[in-house]
Amino acid sequence: MRRWFCLFILLSAAAAAQEAPEKEFAVAKPEQEAFGLLEQGRFVKARETAQSILAYTPRSFVALFIMGNVYEVEGSLPRAQYFFQKARDAVEGRWGERIPNTGPWRWHARMRWGLIRVAGEMDRRAEQLDLLQRHDELYQPPATVQRGWPLMKLGRLEEGREMMESVVASGPPEARLNALNTLGAMANEQDEIPRAYEIFRR
């Protein structure tokens, strides 16, 4: 349930990763239906529909992306990573890494977030930071708050603390909440229990 909730939030967040034209890049109707099944949490049906699309369109980036999400929800992280990479490569092979506004940049952002999530879930923190850095070079707003946890796990506590404090000082409400949560975890990691308690109270 926790994995699905995080997936739902990040699917929504990735869609707003960059200022864009009002109209979404058009994909085929079966792909739209498959993605709708994914958003509804109907993972078995989403997988079946994606597989049927891939049977006749092997480079359907939407179907590949759906497969990555389904495997992520199931906890099959290497498979999820494989399909997210295949989806990203299918998009970048046609449009390049910097997707024009007329291209499927929303899908591209979602794929990159999928890779970021899976790297974190596989505890590949250095890889996760590299992916976050590349995200910030391609999309706005920057994913500053998402850097805190991998920095903490890599022992780069001071660097992570500075980043999170900057988010608390000037970030939007949800980002401030996440930054405080990470700051509390950092204090706890250093056995600063009273400080952690006060941060979590905030």
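The values are calculated or read from the model by the stated rules, or taken from the named source; none is laboratory data. Please read all numbers here as calculations on a predicted model, not as lab measurements. No Cβ is skipped: glycine too gets one built from the backbone with ideal geometry, and neighbour counts run over all protein chains shown. Keep in mind that these areas ignore ligands, DNA and RNA; they rest on the heavy atoms of the full protein, side chains included. Shrake-Rupley method; radii C 1.70, N 1.55, O 1.52, S 1.80 Å.
Applying the Kirkwood pairwise sum to the alpha-carbon positions of the chain produces a hydrodynamic radius of 17.9 angstrom.
If you average 1/r across every pair of different Cα atoms in region 153-202 and take the reciprocal, what Kirkwood value do you get, in Å? Write down the numbers at each step before the final one.
Working: mean 1/r = 0.0932 Å⁻¹.
So the Kirkwood estimate lands at 10.7 Å.
Compared with the dominant Cα axis of the chain, that is its longest principal axis, helix 77-95 is turned about 60°.
Rounded to the nearest 0.05, what FRET efficiency do Ala26 and Glu74 have when you use their Cβ-Cβ distance and R0 = 25 Å?
Working: r = 29 Å, r/R0 = 1.18.
Efficiency at R0 = 25 Å is approximately 0.25.
Calculated mean residue ellipticity, 222 nm, the chain: -23500 deg cm²/dmol, from DSSP H runs (n ≥ 4) at -39500 (n - 2.57) each, averaged per residue and rounded to 500. For the chain, the dipole from Cβ point charges (+1 on Lys and Arg, -1 on Asp and Glu) about the Cα centre works out to 500 debye, to the nearest 20. At a probe radius of 1.4 angstrom, the accessible area of the chain per residue rounds to 53 square angstrom.
Using mean Cβ contacts within 10 Å as the protection proxy, how do 71-80, 55-64, 192-201 order, highest first?
Highest mean packing first, the order is 55-64, 71-80, 192-201.
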